[in-house]
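What follows is a short report on a single structure.
The values are calculated or read from the model by the stated rules, or taken from the named source; none is laboratory data. Please read these numbers as outputs of a predicted model, since none were measured by experiment. Neighbour counts run over all protein chains shown; Cβ positions are idealised from the backbone, glycine included.
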Amino acid sequence: MLADEVCYTSKKAGVHSRIIKNAQDLAYEEHRGNLNWGLRIIDGLEKDLFQVHFQQVFSLIKDEPKKKIEILVRLMDEETGNLIFPNDFIRAAERFGIVSKIDRWVIHHTMQKMAENKALWESVDQVALNVSALSVRQANFAEFIVEQLAHFQLDGAKFCFEITETEALNNFTDTRRFMALLHQSGCTIALDDFGTGFSSFAYLMDLPFDLIKIDGMFIKDMHLNELHYGMVDSIVKLAKMLDKPVVAEFVENQSIVDKLKLLGVEWGQGYFFHKPEKL
């Protein structure tokens, strides 16, 4: 992490520049940056500066009429009005243990919007929401989701909760319990960023998940990178054996779409299809 920071700083300084840093300085700077983000996140939650956006997920199969969307979170900069993306603040939120507060905010406000806008709710067949590792480990988080469904009188079958593959395998017991409770309310579960924990196939047989979402790092250049194409091919074959549909993230051009269709991937998501917008 410290080496990445030095490389990033050096690149910003320009060609033929030299950056000298020691680990103590970098650790302090990183801590200070995370602390600032932590305060901004808490402030954002208190002032309702977070926003719910969405991105459509498109079928790669001609006869599939279902409409799916994934919910995305943004933080508005109070001074400039610009939107801040999760890559800038999620790591700090995880480090300070407040990422679950963001998860709860997003789930509550998404369901609230769906309940208030019946036309929107009836127009979609599935609403996907990301759940952080910290939330999965919380004993009462699944119950919170079930309570929100009951409060807004929404059908759980329309919701899909995405958990990273790595988190699912690292916290097997917590994940199984989380999945089981949500399944009781009709919700579906996706293993997100699939491929990062690719060495632990044996555990997949015992996890009650419903679909696989391939990590975008393998998708975005699979039309150019033979190794990444091979990874996607292997994941799709595994999914077929498990009888699980596949969603591909970071679909950015027609060449990738053609490759995915050739492999039998059912769903694609990315800027090629739809740029995220406010819900």
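Miscellaneous remarks
- The residues on offer are 41, 61, and the sole one that is surrounded by 15 or more Cβ atoms within 10 Å (Cβ to Cβ) and either of a type in the set (A, V, I, L, M, F, W, C) or more than 23 Å from residue 157 (Cα to Cα) (or both) is 41.
- In region 160-183, the residues that are acidic (Asp, Glu) and assigned to a strand (DSSP E or B): 162
- Test result for residue 169, over 28 Å from residue 251 (Cα atoms), more than 16 Å from the chain's Cα centre (by Cα) and buried (at least 19 other Cβ atoms within 10 Å of the Cβ): no
- On inspection, residue 275 does not qualify as more than 16 Å from the chain's Cα centre (by Cα) and touching a residue at least 60 places away in the same chain (Cβ under 8 Å).
- The set of residues from region 168-197 being more than 25 Å from residue 230 (Cβ to Cβ) and touching a Leu at 6+ places or on another chain (Cβ under 9 Å) comprises 172, 175, 176, 179, 185, 186, 187, 188, 189.
- Qualifying residue in region 187-198 (condition: touching a Gly at 6+ places or on another chain (Cβ under 7 Å) and in the same structural domain as residue 69 (by TED's automatic domain parsing)): yes
- The residues of region 143-159 that are in a helix (DSSP H, G or I) and under 14 Å from residue 188 (Cβ atoms), listed by number, are 145, 149, 156, 157, 158.
- Across region 76-99, a minimum of one residue is classified as in contact with a Gly (Cβ under 6 Å, 6 or more places away or on another chain), hydrophobic (A, V, I, L, M, F, W, C), in a helix (DSSP H, G or I) and assigned by TED's automatic domain parsing to the domain that holds residue 264.
- Looking across region 179-191, the residues that are under 8 Å from residue 161 (Cβ atoms) and not aliphatic (A, V, I, L, M) come down to 187, 188.
- Criterion applied to 243, 258 was being acidic (Asp, Glu) and under 11 Å from residue 60 (Cα atoms), and the one residue passing it is 258.
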